[in-house]
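The values are calculated or read from the model by the stated rules, or taken from the named source; none is laboratory data. The structure displayed is predicted, hence computed values, not measured ones. Positions of Cβ are generated from backbone atoms using ideal geometry, with glycine treated the same way; all protein chains shown enter the neighbour counts. What goes into the accessible areas is simple: the full protein's heavy atoms, side chains included, and nothing from ligands, DNA or RNA. Shrake-Rupley method; radii C 1.70, N 1.55, O 1.52, S 1.80 Å.
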Amino acid sequence: MEASTVSTPLNPTSNKLPDYKKSVKLKYVKLGYHYLISHGLYIFPLIVAVIAAQILTTSLQDLYNIWDNLQYDFISVILCSTLLVSLFTIYFITRPYPVYLIDFSCYKPEEARRCTMKIFMERSRLNGSFSEENLEFQKKILQRSGLGDNTYLPEAVLKVPPNPSMSEARKEAELVMFGAIDELLAKTKVKPKDIGILIVNCSLFNPTPSLSAMVINHYKLRGNIASYNLGGMGCSAGLIAIDLAKKLLQLHPSSYALVVSMENITLNWYVGNDRSKLVSNCLFRMGGATILLSNKFTERRRSKYRLVHTVRTHKGADDKCFACVTQEADANGSIGVTLSKELMAVAGEALKTNITTLGPLVLPVSEQLLFFATLIGRKLLKMKLKPYIPDFKLAFEHFCIHAGGRAVLDEIEKNLQLSEWHMEPSRMTLYRFGNTSSSSLWYELAYSESKGRVRRGDRVWQIAFGSGFKCNSAVWKAMKSIKPDKEKNPWIPEIHQFPLEVPKVANI
């Protein structure tokens, strides 16, 4: 539960992200270049390219003269040959395995789980736990949330009276996880026994046996599977899971990694009257996604994307950042997630740090030079220069920004100078499915695929925020053009209806 809830009016003056261009810190630019050097041997391929270019410009007579000289100097020949063989050996041994995204699936709940705004308010009133003032408060949040009338809630929440229980929470988890995994396995034709790595992330529901154990039991996965269950890491946990899978795939050659990203609503529906905890009820909805990754070279041909970069930013060392999103009980013992007044400012700082670190990895050289020169002039030489904002639209064709809430999307659009077209997947995902936590990024990517927008070579930027406080990014490169008529995802049957003009104030 995190920056998604920025539409709360608890502190109207803090309802904006800090201006990215006014306070970029040089140390995060340096960190970006550190990533550039340490995450991949870029220098060696460059040396090889220079040598190859030199050879191509060398005539046959020059090569004959070099050979004529070297044949009388066997020590030089042996040393040069040994050096070249050693360099090639080191490169091929230490280079990271490429990580391919074969396919992914997003869960679409059944029609009986649909929750219109009218149904939401009716169920909230029938619950009997909320005061009239707080019912009105939730209504105002819904009106400004950016959510539509086709989002979903679990059966236990929609029941009258509601029935939140461990068995119902497990039922919701099984519906989401198994539904998405079944579809993914059907699309990829991968056998469950072939999966060597399993990562499940769900922030607020962590039963025993774990969610990952539930998946292993249901699909009878092999006994030596590397299994991980990530809890309490908020809406950015999906990209943390991707980063973890990437690292594990560097250690386990010729493997498949299954990532399951979801949130559980049943036991986390707040039934008190603390307004700082009520916003989550209005925004979070049922959903989940599964992603199949592999480092097998044989999977390259049919894969959709290749993972290019992951950049993780954690602000948890700062007490203000750490405490801005906290699960706790209110005065009456009802558990909910408290959102502090500093949430937007904290989210903005985390975003700024993350994209400043990411910039050197993805921006064209021209943009980096302009940005870096301006930064040096302003920070070190104290020159009165207008801040230069790199154009991230030159680095990416598609943007998947966590669909947490309308306000945060508005602010990111403004700060990164993105167009309505770039923001469309995030806004439509928020409208159609609500905030599905860590899985929202995949509904957004599925939207772009359903629109036929993803072409071979396109670059995709996924960015999400999470409690702690965290901001994480993943960069993908499309391995092929995605044809909507061959896709199966929740958008396909209704994609012709989108984009919609989302009303600023909905009628309830």
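The table below lists the values:
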read-out	value
Check on PHE469, within 19 Å of PHE433 (Cβ to Cβ) and either without any contact (Cβ under 8 Å) to a residue 40 or more places away in the chain or buried (at least 16 other Cβ atoms within 10 Å of the Cβ) (or both)	no
Top-ranked residue in segment 378-393 [being in a helix (DSSP H, G or I) and modelled with pLDDT of 80 or more; ranked as most open to solvent (accessible area, probe 1.4 Å)]	LYS393
Hey, ALA323 modelled with pLDDT of 90 or more and more than 30 Å from GLU110 (Cα to Cα) or not	yes
Residue that is surrounded by the fewest Cβ atoms within 10 Å (Cβ to Cβ) [pool: residues in segment 287-320 that are touching a Gly at 6+ places or on another chain (Cβ under 8 Å) and in a loop (DSSP other than H, G, I, E, B)]	GLY316
Of the criteria (1) among the small types (Gly, Ala, Ser); (2) open to solvent by 40 Å² or more (accessible area, probe 1.4 Å); (3) not in a helix (DSSP H, G or I), which one GLY148 fails	(2)
Breaking point among (1) under 26 Å from the mean Cα position of the chain (by Cα); (2) free of Cβ contacts under 8 Å to residues at least 40 places away in the same chain, for GLU136	(1)
Filter pass, GLY234 being modelled with pLDDT of 95 or more and either crowded, with 24+ Cβ neighbours inside 10 Å or over 30 Å from GLU136 (Cα atoms) (or both)	no
Identity of the residue in segment 200-214, farther than 17 Å from SER440 by Cα and touching a strand residue (DSSP E or B) at 6+ places or on another chain (Cβ under 6 Å), that ends up most open to solvent (accessible area, probe 1.4 Å)	SER210
Criterion: open to solvent by less than 40 Å² (accessible area, probe 1.4 Å), in contact with a strand residue (DSSP E or B) (Cβ under 7 Å, 6 or more places away or on another chain), among the β-branched types (Val, Ile, Thr) and more than 13 Å from VAL260 (Cα to Cα) - qualifying residue of ILE197, ILE181, ILE225	ILE225
Where LEU358 falls short, out of the listed (1) buried (at least 23 other Cβ atoms within 10 Å of the Cβ); (2) within 22 Å of LEU204 (Cα to Cα)	(2)
Options PHE396, PHE433; residue that is in contact (Cβ under 8 Å) with a residue 24 or more places away in the chain, buried (at least 23 other Cβ atoms within 10 Å of the Cβ) and either among the basic types (Lys, Arg) or in contact with a Phe, Trp or Tyr (Cβ under 7 Å, 6 or more places away or on another chain) (or both)	PHE433
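Let's see how each residue does on (1) assigned to a helix (DSSP H, G or I); (2) over 17 Å from the mean Cα position of the chain (by Cα):
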position: CYS400; (1), (2): no, no
position: ASP410; (1), (2): yes, yes
position: GLN417; (1), (2): no, yes
position: TRP421; (1), (2): yes, yes
position: ARG427; (1), (2): yes, no
position: ALA446; (1), (2): yes, no
position: ARG456; (1), (2): no, yes
position: TRP461; (1), (2): no, no
